[in-house]
């Protein structure tokens, strides 16, 4: 997405005579303007995109106008701008989607980038398009619908999705086998999305500072219903977090946690040292962003105190399970939103 919220555009190139490519633009309030013969993206404050003779010059102007708080997002935006300006060619198929009517316009690019303010609202970067007609999203096979779900301004579509648009536009029906195959694709997409989300959360955890890591453990315990705080610095160096069901810290189970934010494996000596800090009525929680060797887990199992070990993957599972109950401090450390996925019964 970009800062001035342009219509979303999706593009792809396919080698072939009839399947030259596709763009999908979300029309919204500009659907009638699109039907006059245009597709558009935002970034209008950059002015005429053809004035930028080099990527470096375009990058400098983009950062000057929109900032560079997230360099990866800046790189993505520049790639999309250049793709819209340069990589779409005459004969490429264009599909523009209106979410209000659930209709897609199917057209063909006329091979010309234009900078023309005041034609489509605030969007001055245009491409000339000859629109051929409309296709209802409801008629698309599930696999094609799934492929239109990206949040990127430009992203790739499969040749099968393009063929689905053309099949419906030409009055032919999609075969049941295509929808059955889409169910498998949808399940695979869900698994891939969950796995990617898991890894992104791990990436976020690994860049936290040691003190922030302790605060994250506190946030998790609070979200689970405990009263928790980072323990004051003192002679008991093996205890980083103290938690209890009661606000005074007197109610059992009283939890003492050690938090190791480092690469590499935790060995048995670290576990034995932590066990030495536990007292009657204590339960132990040892959190490490590395893993635990077998001997360390053996020491935990043989402890006379209740003791649990949590590695990085376990920590992500706890975050996902309890993030909706995070307090403001927890949300600042781990800003997450829940995504709902439609399931089949």
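None of the figures in this text is laboratory data; all of them are computed from the coordinates on show. None of these values were measured; they are calculated from a predicted model. Glycine gets a Cβ as well: all are built from the backbone with ideal geometry, and neighbour counts include every protein chain shown.
Listed values, structure above:
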{"quantity": "Net lengthening on full extension, residue 207/residue 173 (0.36 nm per residue, minus Cα-Cα)", "calculated": "7.2 nm"}
{"quantity": "Cα gyration tensor category, rounded, prolate or oblate, for the range 210-333 with a/c compared to 1.5", "calculated": "oblate"}
{"quantity": "Residue 324-residue 65 FRET efficiency (beta carbon distance; Förster radius 35 Å; 0.05 resolution)", "calculated": "0.45"}
{"quantity": "Gained length - residue 115 relative to residue 199, 0.36 nm times residue gap less alpha-carbon distance", "calculated": "26.2 nm"}
{"quantity": "Residue 137 versus residue 301: modelled label distance in nm, points set 7 Å from Cα along the beta carbon direction", "calculated": "5.3 nm"}
{"quantity": "Residue exposure sequence - 84, 226 - by fewest surrounding Cβ within 10 Å", "calculated": "226, 84"}
{"quantity": "Order of 323, 104 under a 10 Å beta carbon neighbour criterion, fewest first", "calculated": "323, 104"}
{"quantity": "Centre separation in Å (Cα based) which lies between the range 63-96 and the range 281-320", "calculated": "46 Å"}
